[in-house]
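Structure first, then comments.
The values are calculated or read from the model by the stated rules, or taken from the named source; none is laboratory data. No experiment lies behind these values; they were computed from the predicted model shown. Cβ sites come from the backbone with ideal geometry, for glycine too, and all protein chains shown count toward neighbours. What goes into the accessible areas is simple: the full protein's heavy atoms, side chains included, and nothing from ligands, DNA or RNA. Shrake-Rupley method; radii C 1.70, N 1.55, O 1.52, S 1.80 Å.
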Amino acid sequence: MVQSLLDFLNEAPVNFLATASVARHLEEAGFEHYDASAPLFSIQPGDMFYFTKNDSSIYAFRIGRQPLGEGGFRLICAHCDSPTFRIKPNAEMKGDGGVVKLNTEVYGGPILSTWFDRPLSLAGRVVLRTDDIMNPMTRLLHIKEPLLQIPSLAIHFNRQVNDGVKLSRQKDMLPILGIVNSELEENNMLLHLIGDELGVDIDDVLDFDVYLYDATPACLFGLHKEFISSGRLDDLSMVHAAMTAMLDAQPDIPDVTQVMAIFDNEETGSNTKQGAGSPFLSSVLQRICHAQSGSMDDYYRALEKAFMISADNAHAWHPNYAEKYDPTTHALMGGGPVIKYNAAQKYASDAVSAAVFVGICEKAGVPCQRFVNHSDVAGGSTLGNILTSSLPLCGVDMGNPIWAMHSARETGSVKDHIYCIKAFTTFYELPYIEG
Ligand code: CO
């Protein structure tokens with residue numbers, strides 16, 4: 001189970017590849033790809049299908065015996081984007097001796113210093129010319145070899161480096177691509193690289209969404225191999241847990257419809273057509289309701305009966321920084337999935353939804369923990385409350401505890417991952433109880 005998480009982390013260096021990987025796993029299990037632009041006709045209990053939006057978000061459904069209006073639905077959502085650096089247009093910058101670096105723009109909120117001095121590479125999507133201007137072709141890009149590095153400044157140029165350094169996103173964070181050593185390479189190095197990788201003519205490359213990623217594969221460490229070391233644990237570990245639960249849940253025709261929504265752009269506020277702020281999920285749910293011969297009233301009834309688990313990682317108590325955590329309620333690494341509360345409602349959890357999740361963990365036989373911020377620490381936010389402001393679901397914000405959230409290399413717990421999959425599987429399997 002943990003090897004399958006490591007494999008998933010390695011094949012999903014960015015949002016587009018994560019979406020493609022989830023789609024592949026779903027298809028291998030018999031889920032069918034539905035095109036959102038095609039009509040949605042009748043839907044039967046046991047049907048398994050998924051939609052994508054923008055190639056960077058994915059919405060999977062396993063239809064239950066109860067129509068949506070009667071049974072509601074069980075939703076697990078997570079996000080597939082992580083903090084990184086986007087390659088800017090005209091990215092190549094040439095310096096003395098032919099050294100070429102790439103101009104980048106920060107995506108989300110990375111801990112900048114963690115991106116120094118480690119092998120990096122490129123992944124994303126490339127858009128190619130076709131005969132139909134309105135429908136260019138999209139190809140995924142995943143350069144699997146180390147290709148770039150952002151070298152830090154030697155300590156001899158800044159003796160105060162260990163006392164804290166202010167970093168410029170424009171000056172300090174640009175990765176080195178190579179040294180130009182021939183006339184031929186003078187122009188469009190990056191485009192040639194992409195063209196060679198995809199086997200296409202560079203004149204056909206119209207544009208791309210390409211990002212840096214940490215090229216060192218995910219691995220386990222610790223005395224008992226109890227820790228996971230990887231980029232993008234936030235939130236691909238929760239994506240993997242949700243996907244595994246959906247694929248493992250029994251029986252083939254559940255009582256209640258299972259939904260998994262993997263959104264993009266959580267790290268930049270979710271307000272895109274493929275983010276949790278988008279009406280896309282709500283419109284698909286309405287269409288499913290209609291395809292079951294239900295009315296708008298049935299759709300609104302479904303929302304009242306549904307339950308959402310918004311799964312995004314939580315902060316594990318860090319032994320070097322105990323003062324940053326709430327004195328009475330903090331989550332321990334290996335202590336199980338964490339319910340997140342916030343009085344300012346940055347998290348969707350309340351006593352009712354938390355009680356439901358506690359019950360799910362009890363039934364699954366796994367421990368469950370709670371997290372609140374130290375009151376002098378602002379803390380983060382997630383997608384649960386953004387989704388519920390347009391889709392008014394009862395739901396809980398939770399996630400597995402990790403260290404170094406938004407580092408290029410985060411640390412998670414093997415045990416917690418297994419606990420989380422058990423809890424999610426139990427949630428999807430809960431029978432329908434009338435009333
Ligand atoms: Co997150």
- [ ] Could you check the simple spin-label distance between residue 273 and residue 204, using points 7 Å along Cα→Cβ, in nm with one decimal?
- [x] 2.4 nm
Task: segment 116-214 pair-distance distribution - Cα-Cα, 5 Å bins, rounded % - done: 2, 11, 17, 18, 17, 12, 9, 7, 4, 2, 1, 0
- [ ] Mind checking which lysines have their Cα closer than 25 Å to the Cα of residue 324? Skip sequence neighbours fewer than 8 apart in that chain.
- [x] 166, 340, 346, 415
Task: Stretch gain in nm, segment residue 321-residue 389, where the contour uses 0.36 nm per residue and the Cα spacing is subtracted - done: 21.1 nm
Open item on the list: Output the 0 to 90 degree angle, nearest 10, between the alpha-carbon long axis of helix 414-429 and the longest principal axis computed from the alpha carbons of the chain.
Closed with: 40 degrees
Open item on the list: Residues of segment 16-49 with backbone nitrogen within less than 16 Å of a virtual label 7 Å along the Cα-to-Cβ line of residue 144, please, listed as ranges.
Closed with: 17-18, 21
Open item on the list: Please report the antiparallel percentage of DSSP beta bridges with both residues in segment 84-214, rounded to the nearest 5.
Closed with: 95 percent
Open item on the list: Taking the 0 to 90 degree range and rounding to the nearest ten, how far is the long axis of helix 280-291 tilted relative to the main principal axis of the chain, both from C-alpha atoms?
Closed with: 40 degrees
Open item on the list: Against the empirical 2.2 N^0.38 Å scaling, what ratio does the C-alpha Rg of segment 1-111 come to?
Closed with: 1.50
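Suppose R0 equals 60 Å. What FRET efficiency, 1/(1 + (r/R0)^6) with r the Cβ-Cβ distance, do residue 352 and residue 111 give to the nearest 0.05?
Details: r = 35 Å, r/R0 = 0.59.
Approximately 0.95, to the nearest 0.05.
By DSSP, what percent of the beta bridges with both residues in the chain are antiparallel, rounded to the nearest 5? Please list the in-between numbers first.
On the way: 50 of 75 bridges.
That works out to approximately 65 percent antiparallel.
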Open item on the list: Give me the one-decimal nm value for the distance between modelled label points at residue 377 and residue 176, 7 Å along each residue's Cα-to-Cβ direction.
Closed with: 3.6 nm
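Shape of the chain from its Cα gyration tensor (a ≥ b ≥ c, root eigenvalues): rounded if a/c is under 1.5, otherwise prolate when a/b > b/c, or oblate? Kindly include the intermediate steps, with their values, before the conclusion.
Details: a/c = 2.18, a/b = 1.33, b/c = 1.64.
Since a/c reaches 1.5 but b/c is at least a/b, the shape of the chain is classed as oblate.
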Open item on the list: Once you place label points 7 Å from the Cα toward the Cβ at residue 33 and residue 65, how far apart are they in nm?
Closed with: 3.3 nm
Task: For segment 77-153 and segment 58-76, distance of Cα centres in Å - done: 37 Å
TODO: List the cysteines in the chain whose Cβ has no other cysteine Cβ under 4.7 Å from it.
DONE: 77, 80, 219, 289, 394, 420
Open item on the list: With a 1.4 Å probe and all protein chains left in place, how much of the accessible area of the chain comes from carbon and sulfur atoms, in whole percent?
Closed with: 52 percent
